[in-house]
Amino acid sequence: MCGIVGYTGKTPAINLIIDGLKRLEYRGYDSAGIAIPIQKSEKLFVEKRAGKLQILSNSLTNVPKSNAGIGHTRWATHGGPTDLNAHPHLDESGKLAVIHNGIIENYLEIRRQLESAGHKYLSETDTESVAHLLADAYKRNGSDLSAAMREVCQQLRGSFTLLAIHSDHPDLIVGARRNSPLVVGVGNGENFLASDVSAFISHTKKALELGQDQVVSITPEKISVTDLKGLAVKPKDFEISWDAKAAERGGFTHFMLKEIYEQPKAIADTLLISKSISESMNKAKQNSGLNLNIDLSEIKKIVFIACGTAYHAGLVGKYVIEAWTKISVDVELASEYRYREPAISKSTLIVPISQSGETMDTLMAMRYAQKNGAKILSICNTNGSTIPRESDAVIYTAAGPEIAVASTKAFVTQLIAIYLLGIHFAKLHNSLTQKEIDQILSELDALPAKVEQVLETVEPLREMTRKFKDAASMLFIGRGVGFPTVLEGALKLKELAYMHAEGFAGGELKHGPIALIENGTPVVALLPSEESVINEKMLSNIQEVKARGANVIIISDHEVKNFDLQIRIPTCSELLQPILAVIPLQVIAYEMAVARGNDVDQPRNLAKSVTVE
Ligand code: M6R
């Protein structure tokens, strides 16, 4: 949600800023704007437009030459997506500009005070108040923009990443963050600020993490970070492992399709990383306590907290970890968790799962649990993001940058991290024999090749999907780990095809949902392997919908006769099957979105990184 870029350096800023904003487009937005200081000029050059970045780019004529500037893509919260509400917002003098991600919760109170003091507003946004506050603070602080930012941040409630520039200091950008992401890209004679590293990975791999309530100021040669009192802080540096190419479409029509096809590699890479973490946990346990600050042997209960697709990964995790370890596992929607009174104790391990590491619901739920004594081990794909930074321990997934809003490779890598966590607990609790563990590990190693096999056989599914393009609704059924897998299939379809879709546990159909079935209703049914105790039950559930006129598409590893279409996936143990079974579901959603003419990579109303609650 909202993309933020700041650049100060040795080359003209405008192209760098637009390019950075393009790389952040995936976060979701509905307007865009830029502000650049002009040497020896009182005013800033500002352009902002509702709609896609291309509209802004087209309007950028006669841009003055400047080696610094800020750019923003806005996802509307306060006030619709109009030119006036787009960022940057200026103070009345036109010398100071601000861009913002997040929500200023006390903006109305501030606005009332400022308006009664004579400030004139041009927009309906919460952000404009920050521009006026900063302008006043700038005067009070002897034209020190960093000091002004520190003062203003203390007055704000809510979440924010803020960048500000002032025409008095044409090569200076000042930023601040609270509960919202901001990273510094460290270059040679040039520096960057951005919502995430994708904005600048083609220029530098060196980055700095900023902590909560910190203020950063950058010039081409200098970066300084302080807390809100003005005390110097040494930020943590890190090396970005993603390469710029990974964030490009590379010949595919959409990022989502590219990311679907990247899954074999993402799984293999995550297996490598997660295994090495798991090994280091084992070693540390033998020597002393864990080097990751958590003694997992004390854990009596695991709680996954997550949203959307990551929540579905957690649901699979419940089946897996309870089966392998008999440790009780709960899975919680992060947005619900802290608003009830959950049972948390020191022996509870909270496992937030997040691709972006910035999802506000997940972050807040995690902080709530931490405050109540739980230990946090997060599963995250984004180095330098807030959730891993605030966790006691992290398992990083190695999906690489996921640009399409719809999560695909992040999901399968989250599952891999969960499987390895399950194995780790099984070792600690001696709940699986070494032979069983070896068997699971070798099956995990075989998954990348099996996913490739699935990807080679999805063509008929693409054709079939196009036939259902005008269907009013599509239903998905599964049992066991197949149930969370079909929930994920239904979410994908809603998100991309803007079509009613629901996932059900096969056994639940007769308790209500079967009333939805009418002649021609497409139903995707996921079957476990033939030996599974739930295979026959699923076959009966399929007969029930077939008898009522459903068009049934079966996904299974064995031959099933008399159905409209069957997609065969390779055989694997039941608990690992979601990794293979989710691929055809992703393809259905992708193909349906294309067939219905939708924006595949940036579906309407959605943002990749949901940084508001
Ligand atoms: O970045 P996160 O994994 O925390 O995001 C959580 C959800 O917002 C995300 O999985 C969302 O449901 C996806 N767009 C679904 O494809």
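The values are calculated or read from the model by the stated rules, or taken from the named source; none is laboratory data. The model shown is predicted, which means the values in this text are computed figures rather than measured ones. Counting neighbours? That spans all protein chains shown, and the Cβs are built from the backbone with ideal geometry, glycine included. Heads up: the accessible areas ignore ligands, DNA and RNA and are worked out on the full protein's heavy atoms, side chains in. Shrake-Rupley method; radii C 1.70, N 1.55, O 1.52, S 1.80 Å.
Quick notes
- Rounded tilt (10° steps) of 482-497 against the dominant C-alpha axis of the chain: 50 degrees
- Shape of segment 440-597 from the C-alpha gyration tensor: oblate (a/c of 1.5 or more and a/b not above b/c, with a ≥ b ≥ c the square roots of its eigenvalues).
- For segment 109-254, the fraction of C-alpha pairs more than 25 angstrom apart is 35%.
- For the chain, with +1 on Lys and Arg beta carbons and -1 on Asp and Glu, the positive-most of Gln355, Phe425, Phe483 along the dipole: Gln355
- Between segment 69-84 and segment 449-511, the C-alpha centres lie 35 angstrom from each other.
- Computed FRET value (nearest 0.05) for Arg548 with Asp438, which takes r as the C-beta separation and R₀ as 35 Å: 0.15
- Rounded to the nearest 10 degrees, the inclination of helix 107-116 to the longest alpha-carbon principal axis of the chain is 20 degrees.
- Using every pair of separate Cα atoms, the Kirkwood estimate puts the hydrodynamic radius of the chain at 25.4 angstrom.
- In degrees, nearest ten, helix 145-155 long axis to first principal axis of the chain (Cα): 60 degrees
- As a length-normalised measure over Cα pairs under 8 Å and 6 or more apart, the relative contact order of the chain settles at 12 percent.
- Segment 255-454 - Kirkwood radius from inverse mean 1/r over Cα pairs (Å): 16.8 Å
- The order of Tyr337, Tyr121 by accessible area, most exposed first and with a 1.4 Å probe, is Tyr121, Tyr337.
- Segment 487-546, relative contact order [Cα under 8 Å, separation at least 6], %: 27 percent
- Radius of gyration and Dmax over the Cα atoms of segment 12-126, both given in Å: 14.4, 41
- The simple Förster model, with R0 at 25 Å and r as the Cβ-Cβ distance, assigns Ser93 and Gln154 a FRET efficiency of 0.60.
- The listed residues Phe411, Phe483, Phe255 rank as Phe483, Phe255, Phe411 when sorted by accessible area, largest first, using a 1.4 Å probe.
- ³J(HN,Hα), Karplus 6.51/-1.76/1.60, whole Hz, each residue of segment 376-385, x for Gly, Pro: 10, 10, 9, 10, 8, 9, 10, 4, x, 8
- For Ser167, the accessible area of its heavy atoms, probed at 1.4 Å with every protein chain present, is near 10 square angstrom.
- Cα gyration tensor shape of segment 3-247, rounded if a/c is under 1.5, else prolate or oblate by comparing a/b with b/c: rounded
- Cα gyration tensor of segment 516-603 - equivalent ellipsoid semi-axes, whole Å, descending: 24, 19, 10
- Global geometry of segment 345-451, whether rounded, prolate or oblate, following the gyration tensor of its Cα atoms and the 1.5 cut on a/c: oblate
- Förster radius 60 Å - calculated FRET efficiency between Ile223 and Ala472, Cβ distance, rounded to 0.05: 0.65
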